[in-house]
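So the structure is just underneath, and the comments pick up after that.
All of the numbers you see were taken from the coordinates with simple rules; none came from a lab. In this text, all values refer to a predicted model and were calculated from it rather than measured experimentally. Cβ atoms come from the backbone with ideal geometry, glycine included; neighbour counts cover every protein chain shown.
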Amino acid sequence: MKNKIFAQQIKQYAALLELKGENPFKLRAYHFAIEAIDKLEVDLMDLSLSEIEKISSIGKAIALKIEETKQNGIFHQLKNLLDEIPAGVVEMLAINGLGAKKINILWKENNFTTITQLLEACENNSLAQIKGFGEKMQANIYQDLLFKKSNFSKLFFAHAEEYSKILIDYLKQTIDNQYITITGQIRRKLEVVDCLQVFVETNENIDKKTIVKYLDDCNFLIKNIKECGVFVWRGEMKENGLKVEIKMPPKERIGSEIYLHSAGEKHLAKIEKNKTILEHLTEENFKQENDVFDFFQYINLPPEIREGYAEWQYIESKKIPKLLEVKDLKGIFHAHSTYSDGKNTLEEMVVACIDLGYEYLGITDHSQSAFYANGLQVGRVKSQHQEIETLRQKYPNFYLFKGIEADILYDGKLDYEDEILKTFDFVIASIHSGLKMSEEKATERIIKAIENPYTTMLGHATGRVLLRRNGYPLNMKKVIEACAKNNVIIEINASPYRLDLDWRWVHEALDKGVILSINPDSHEKNTIQEVKYGVNIGRKGGLTAEKTFNTKTGKEIAEYFENRKK
């Protein structure tokens, strides 16, 4: 059990207590405990009750709740509140713009107990008539509800990939690995997944009935009888409702079906030999995936680039560039330490990078306007730079670069005066507040920041958080052109919750000559390796090592920063 499960339960308990009108000073204790758990280096599962009690900001009462969660999966006080408060009211806590006071108005004064009621109130304009809401809040709530509805039962790629491994491991217990192929969105490495697709080749030793029976008996799957067929078993994961599809096509059609389920709609819509690829694959029987490439006279296209974008130029030239791999990365940028909202100290982040074989780290704590993230006031910037100089002496064979994630203010300026900005080796410019903008305003704001001579990189360009909020509207072509003109690198934010720049714009950036950087946006040392998710996004856009900034050596990076500052 991960520490985050304990933190999530305590956070939910505090939110429900707030709904019940609990004293806000008492609630602060729970929020301090959540922060303490988030920063722990050890697994709470490995600690005794007495050891947990001694952790700063936790204490005996919360330690008992953690101990009970370890034993029963949930502590009884939380379970009692969940039984008492309608499930729909609990769901409202996840809606942007709805705090405890607003939810109580809906629940206790207006008898709202389900999300469906709230959605209908938005659609018939009655929510706006309730005191304290209004049309603007109604519009924001409605937009958030629709967004959540459209993303129901979807998972981040990183989470879905873990579930796919669990499914594959289960199948391996009765089926030889060589007869199992993961396909669909996981194989294409999409940012968000709503279905796990697996192909199983039946043979003389294993027939479809055996596989179906084995899947029916699985304790983490729920079968959807109506959706099952002769060659397919369909159901969902019990834990999260993620759809599962196990296909068992006839041997003569295995190649057709695997290719069909390993490509995007735009790729399948391409006309070849007077028909779409989709029509050919539906009508023609190919025993192996390679037979499909031979039929269309294609080079062997990796599944992640079969999306209807860059692959056609590769097919025409009969050559695929060597796409970026994780092993090509020689260091990382965009990482946070305890100087702002990171979990680990600066030295711990350095040591973690060294242990992973990296040559350098570009530390980028939050700037002063990010008060919610303990952003660095000018005095603390100087303190951090002093520590960086000390660490450079302690680790002479490792490059530690002085960076900052500077907020792009509403007028497009960066979050420090030039006298401070010039003390950094590099600056990542990012938007974190004032997200509700028109496309014109957002584009103007970002381009002004790009034109600042101290801006080295553009961070998470659209501000999106997958499955939580869309990014602000942006004229990405203009933004990319501005980066090209001003020699600004664009990051692919590798956090599995962002993956921003979207891979659909990677092609455009490369065509304009913009360099990209795979940045983990790490807030703790254990997430540095999330660069792999950013590499997936880069590969989908045709990114190579040559076009990736952090494939340079530490010496090359140092020279680049020095020359750029000159």
Using R₀ = 51 Å, calculate the FRET efficiency as 1/(1 + (r/R₀)^6) where r is the Cβ-Cβ separation of LEU146 and LYS566; round to 0.05. 0.50
Express in % the proportion of alpha carbon pairs of the range 236-377 at distances exceeding 24 Å. 58
Any idea what % of Cα-Cα pairs in the range 3-150 are farther than 20 Å? 53
Please compute, for the alpha-carbon atoms of the range 77-215, the extent along each of the three principal axes and give them in descending order in Å. 69, 35, 24
Calculated from backbone phi, Karplus (6.51, -1.76, 1.60) coupling profile of the range 85-98 in Hz, x at Gly/Pro: 8, x, 4, x, 5, 4, 4, 4, 4, 8, 8, 4, x, 10
Which pairs, out of LYS20/LYS148; LYS149/LYS266; LYS270/LYS318; LYS343/LYS413; LYS2/LYS247; LYS79/LYS131, put more than 23 Å between their alpha-carbon atoms? LYS20/LYS148; LYS149/LYS266; LYS343/LYS413; LYS2/LYS247; LYS79/LYS131
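Got the relative contact order for the range 252-383 handy, in percent, Cα pairs under 8 Å and 6 or more residues apart?
Here the relative contact order equals 18 percent.
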What whole number of Å gives the distance from the Cα centroid of the range 406-453 to the Cα centroid of the range 161-208? 45
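Restricting to Cα pairs below 8 Å that are 6+ residues apart, what does the relative contact order work out to for the chain? Please round to a whole percent. Please report the intermediate quantities before stating the final value.
Numbers: 941 pairs, mean separation 55.4, N = 566.
Relative contact order here is 10 percent.
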Hey, how many Å between the Cα centroid of the range 507-561 and the Cα centroid of the range 316-357? 8
Beta bridges per DSSP with both ends in the range 412-566, % antiparallel, nearest 5: 20
Amide H to amide H under 5 Å from LEU466: which residues, 5+ apart in sequence or cross-chain, H placed 1.01 Å off N in plane? ARG498
In sequence order, what are the phi-derived ³J(HN,Hα) couplings for the range 285-292 according to the Karplus relation 6.51 cos²θ - 1.76 cosθ + 1.60 with θ = phi - 60°, rounded to whole Hz, with x for glycine and proline? 9, 10, 6, 10, 4, 4, 5, 5
Can you list residues whose amide H is under 5 Å from LEU221's amide H, if they're 5+ apart or on another chain and H is modeled 1.01 Å from N? LYS238
Starting from the 7 Å offset along Cα-to-Cβ, what nm value, one decimal, do you get for the label separation of LYS322 and ILE180? 3.2
For the range 155-317, the Cα gyration tensor yields equivalent-ellipsoid semi-axes (√(5λ), largest first, whole Å) of 28, 19, 13
In order through the range 219-226: 3J(HN,Hα) via Karplus (6.51 cos²θ - 1.76 cosθ + 1.60), integer Hz, x for Gly, Pro: 7, 10, 10, 10, 7, 9, 4, 5
So who's got an amide H within less than 5 Å of the one on ILE363, skipping anything under 5 residues away but keeping other chains? H placed 1.01 Å off N, in plane. PHE401, GLY403
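Give me the number: length gained by fully extending ALA558 to GLU120, i.e. 0.36 nm times residue separation minus the C-alpha to C-alpha distance, one decimal in nm.
On the way: separation 438, 0.36 × 438 = 157.68 nm, distance 5.72 nm.
Between ALA558 and GLU120, full extension yields an extra 152.0 nm.
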Cα shape, the range 416-566, gyration tensor, a/c 1.5 rule: rounded
Let me have the relative contact order for the range 326-565, percent, based on Cα pairs under 8 Å that are six or more residues apart. 21
Dividing the helical contributions, -39500 (n - 2.57) per DSSP H run of n ≥ 4, by the residues of the chain yields a 222 nm value, nearest 500 deg cm²/dmol, of -12500 deg cm²/dmol
